[in-house]
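Structure, as structure tokens:
The values are calculated or read from the model by the stated rules, or taken from the named source; none is laboratory data. These numbers come from a predicted model, not from an experiment. Counting neighbours? That spans all protein chains shown, and the Cβs are built from the backbone with ideal geometry, glycine included. Remember, those area values only see protein heavy atoms, side chains included, never the ligands or the DNA or RNA. Shrake-Rupley method; radii C 1.70, N 1.55, O 1.52, S 1.80 Å.
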Amino acid sequence: MTRLTGRALRLTVFVGEHDTWHHKPLYSEIVHRAHAAGLAGASVFHGIEGYGASSLIHTSRLLSLSEDLPVAVVIVDTEERVRAFLPQLDELVSEGLVTIDDCEVIRYIGRDDKPSESDGKGKK
């Protein structure tokens, strides 16, 4: 059971959809390592347009030749756990942007958690 409420950090990693780590999509490797590290959650968001260090605009528009669209991997957990994960990103991300923001988690309860009788939804 995982419970996370209150102050947390949001770690966002911006990379290209075609960035790889050992012939595997980089975003997927980041998610799998976050999972193995026991972080509370990670999601990958596919961008439709953007640019980064190269200053080339990548877009999903039909007439564009660009195919390396932006991808954002967002991870949320306690400050201690997020900061402990940073050395893995140093190993994985050679070109990209990593940001850390303070955030507040309203409610996160692991999927294996069942409501208790005290909240009116559980059974005894």
Subject >> Normalised per residue, the volume of the convex hull around the Cα set of region 6-105 (Å³) >> reply: 98 Å³
Original post:
Residues with beta-carbon under 10 Å from that of Val71, excluding Val71: net charge, scoring Lys, Arg +1 and Asp, Glu -1?
Top reply: -3
Original post:
How far apart, in nm, are the 7 Å Cα→Cβ label points at Asp101 and Asp68?
Top reply: 2.6 nm
Subject >> Mean accessible surface per residue for region 1-46, computed with a 1.4 Å probe while every protein chain stays in place, in Å² >> reply: 61 Å²
Original post:
Points 7 angstrom from Cα along the Cβ direction at Ala36 and Ser94: gap in nanometres?
Top reply: 1.9 nm
Subject >> Model label zone, Arg10; criterion: amide N under 18 Å from point 7 Å along Cα-to-beta-carbon; scope region 65-99 >> reply: 71-83, 97-99
